[in-house]
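Before any comments, here is the structure.
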Amino acid sequence: MSDTKTEIWFYHLERSSLDQVLPGLLEKTLQRGWRALVRVKDAASIDDIDEKLWTYRPASFLPHGRSGGEFDAVQPILISDTGENLNSAQALFIVDDSELGSTTEFSRCFIIFDGRDEQSLQHARGRWKALRGADADLAYWRQSEEGRWERAA
């Protein structure tokens, strides 16, 4: 990682669910040649995302693993409920309002939140305000009426 600040991108879910959006973002991350760390808040979320990544598309899957295994360090996508970057990922995905922690070892951080859930929305607003106050490199993405992602801030 260089001296460049980590880009922190907020993805505001309004028309799609996490199950619909996360796999596509992870595919793009792998196409870039990056590894991804998906940080969740508990083991139940690990189970849910693990299953979705195996089944989101009938003809393919995203290569991934669950933290705590023998091969964490070589996983292209690692799902974890800890703050450690065990697979030396360049991209950090924060879901389920999980802890952000330090982002300095990542090139990009994706904070994905459900705008239809008031608690999640307020949590994201608080994060945005705190990170803006810390002079973070922020971007805010929301879906257009057609479902395409557009940078709004």
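For the chain, what is the accessible area per residue in Å² when the probe is 1.4 Å? About 54 Å² of surface per residue is accessible. Ordering Ser16, Ser102 by accessible surface, largest first, gives Ser102, Ser16; the 1.4 Å probe counts only protein heavy atoms, with every chain in place. When the Cα convex hull of the chain is projected onto planes of every orientation, the mean area is 9.2 nm². Distance between the pseudo-spin-label points of Glu51 and Leu30 (7 Å out from Cα toward the beta carbon): 2.1 nm. Between Gln119 and Phe61, the FRET efficiency from the beta-carbon distance, with R0 = 30 Å, is close to 0.45. Considering only C-alpha atoms, what is the centroid distance from segment 1-40 to segment 58-76, in Å? Answer, in whole Å: 16.
Out of the total accessible area of the chain (probe 1.4 Å, heavy atoms of protein only), what percent is carbon and sulfur? Walk me through the numbers on the way to the answer.
Values: 3920 of 8280 Å².
Carbon and sulfur together cover 47 percent of it.
Backbone phi angles across segment 65-73, fed through the Karplus curve with coefficients 6.51, -1.76 and 1.60 (θ = phi - 60°), yield HN-Hα couplings of x, 9, 4, x, x, 5, 10, 3, 5 Hz in residue order; Gly and Pro are listed as x. Report, by chain and number, residues whose modeled amide H sits under 5 Å from the one on Val38, excluding near sequence neighbours (fewer than 5 apart, same chain). Amide H neighbours of Val38, under 5 Å, 5+ apart: Leu78, Ile79, Ser80, Phe93.
Fully extended, how many nm does the chain gain between Ala130 and Leu86 (0.36 nm per residue separation, minus their Cα-Cα distance)?
Values: separation 44, 0.36 × 44 = 15.84 nm, distance 2.63 nm.
This chain segment gains 13.2 nm when fully extended.
Segment Glu105..Trp141, full-extension length gain: 10.7 nm, with 0.36 nm per residue of separation and the alpha-carbon distance subtracted.
The values are calculated or read from the model by the stated rules, or taken from the named source; none is laboratory data. Quick caveat: nothing in here was measured; it's all calculated off a predicted structure. Neighbour counts are summed over all protein chains in view; Cβ atoms, including those assigned to glycine, are modelled from backbone coordinates with ideal geometry. Side chains included, ligands, DNA and RNA excluded: accessible areas come from the protein's heavy atoms. Shrake-Rupley method; radii C 1.70, N 1.55, O 1.52, S 1.80 Å.
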